[in-house]
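Below is one structure, written out as structure tokens; comments come after it.
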Amino acid sequence: MTSAAAGGGVDGIPRDGLPQIAMAGRSNVGKSTLINALCRRKVARTSAAPGKTRLANVYRTVMTGGGPGQWTLYLVDLPGYGYARGGADAATELRAVAEAYFRVSGAAALLLVDSRHPGLESDIQASRWLSAMNVTYRVVATKVDKLSRRERAQNLGALEMSLGMPPVPVSAERGEGLDELWKTIASLVRTGHA
Ligand code: GDP
């Protein structure tokens, strides 16, 4: 694991041509837990306090699902938005890190949103921001284990309405939806978007 420097710097971002998938989302949305689950071992530090991770952490992982053979890609844990401590300056700095990262890497993104809270303005803004940077992204709805069947159908529908695409529902805690998410990642890579 390597860390990209904060403050708009892009040191430490791999430039070896391997595909990169960046995870974006509000602090506490479940990014670290999902990266751990996807890698099936504990590589990502789960943050104790919201907004703690200020660096873009890069995880190199070998993928075996979603297609034939094995291939290597980078999963990149971007700084969480939504609860930036230190006010507007900190938020601007986090954004600068992410923008610098996408400029250099040409990565695709997964926009993680909490399945319990559809329609959050900060998530809608993040989707607009990714589009404005021409980043190809998919929406992932986290923590679906916390929803009843009825809430799940309602909330996934509401997320699709507000974000313009159907989310991939996952529960990192129960392992639900991870195969589907790997397929989504594989398709982003195969189509040259990552
Ligand atoms: P991050 O700040 O986005 O990296 O979020 P974390 O991965 O640290 O998760 C934030 C909190 O949500 C932690 O208490 C996790 O245990 C919890 N969490 C993460 N994923 C899931 C999930 O799939 N189901 C449930 N029930 N809780 C989850």
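Return the only residue of Val62, Val113 being β-branched (Val, Ile, Thr) and modelled with pLDDT of 80 or more. First the steps, then the outcome.
On the way: Val62 fails: modelled with pLDDT of 80 or more.
Matching residue, one of Val62, Val113: Val113.
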Inset, instruction - Within region 180-194, track down each residue that is among the small types (Gly, Ala, Ser) and under 12 Å from Met63 (Cα atoms). - result: Ala186
Inset, instruction - Please work out which one of (1) among the hydrophobic types (A, V, I, L, M, F, W, C); (2) surrounded by fewer than 17 Cβ atoms within 10 Å (Cβ to Cβ); (3) at pLDDT 80 or above; (4) more than 22 Å from Pro167 (Cβ to Cβ) is the condition Cys39 fails and give its number. - result: (4)
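Please verify whether Leu55 is away from the ligand (no atom under 12 Å from the Cβ), at pLDDT below 85 and either in contact with a Ser or Thr (Cβ under 6 Å, 6 or more places away or on another chain) or β-branched (Val, Ile, Thr) (or both), treating the condition exactly as stated. Give the steps one after another, and end with the answer.
Working: away from the ligand (no atom under 12 Å from the Cβ): yes; at pLDDT below 85: yes; either in contact with a Ser or Thr (Cβ under 6 Å, 6 or more places away or on another chain) or β-branched (Val, Ile, Thr) (or both): yes.
When the stated conditions are applied, Leu55 passes them.
Can you spot a residue in region 102-109 that is more than 16 Å from the ligand (Cβ to nearest atom), in a helix (DSSP H, G or I) and touching an Asp or Glu at 6+ places or on another chain (Cβ under 9 Å)? Spell out the reasoning first.
Quick first cut of region 102-109, residues more than 16 Å from the ligand (Cβ to nearest atom) only: 102-108.
Retained after the next criterion (residues that are in a helix (DSSP H, G or I)): 102-105.
Imposing the further condition that a residue be touching an Asp or Glu at 6+ places or on another chain (Cβ under 9 Å) reduces the set to none.
There is no residue in region 102-109 that is more than 16 Å from the ligand (Cβ to nearest atom), in a helix (DSSP H, G or I) and touching an Asp or Glu at 6+ places or on another chain (Cβ under 9 Å).
Inside region 135-160, can you point out the residues that are in a strand (DSSP E or B) and away from the ligand (no atom under 13 Å from the Cβ)? Spell out the reasoning first.
Of region 135-160, the ones in a strand (DSSP E or B) are 137-142.
Correct list: Tyr137, Arg138, Val139.
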Legend entry - Residue list for region 11-31, filter: among the charged types (D, E, K, R), more than 17 Å from Val140 (Cα to Cα) and touching a residue at least 60 places away in the same chain (Cβ under 8 Å): Arg15
Inset, instruction - Say whether the condition of being exposed (fewer than 13 other Cβ atoms within 10 Å of the Cβ), away from the ligand (no atom under 16 Å from the Cβ), at pLDDT 95 or above and not aliphatic (A, V, I, L, M) is met by at least one residue in region 169-176. - result: no
Inset, instruction - Quick one: Val97 ticks every box in (1) at pLDDT 95 or above; (2) within 16 Å of the ligand (Cβ to nearest atom) except a single one, so which number is it? - result: (1)
Legend entry - The listed residue being under 23 Å from Gly175 (Cβ atoms), assigned to a loop (DSSP other than H, G, I, E, B) and either modelled with pLDDT of 90 or more or away from the ligand (no atom under 16 Å from the Cβ) (or both), out of Gly17, Gly9, Gly67, Gly25: Gly67
Legend entry - One residue from Ala132, Ala88 being of a type in the set (A, V, I, L, M), farther than 19 Å from Ala172 by Cα, at pLDDT 85 or above and more than 15 Å from the ligand (Cβ to nearest atom): Ala132
Inset, instruction - Inspect all residues belonging to region 133-140 and state whether any of them is touching a helix residue (DSSP H, G or I) at 6+ places or on another chain (Cβ under 8 Å), hydroxyl-bearing (Ser, Thr, Tyr) and surrounded by 14 or more Cβ atoms within 10 Å (Cβ to Cβ). - result: yes
Inset, instruction - Search region 168-179 for residues that are without any contact (Cβ under 8 Å) to a residue 60 or more places away in the chain and at negative phi and pair each with any residue that is assigned to a loop (DSSP other than H, G, I, E, B) and crowded, with 18+ Cβ neighbours inside 10 Å when their beta-carbon atoms are under 6 Å apart and the residues are at least 6 apart or on different chains. - result: Pro169/Gly177
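The values are calculated or read from the model by the stated rules, or taken from the named source; none is laboratory data. Just so it is clear, the structure is predicted and the values come from calculations on it, not from any experiment. When we count neighbours, we look across all protein chains shown, and the Cβ atoms used for this are built from the backbone with ideal geometry, even at glycine.
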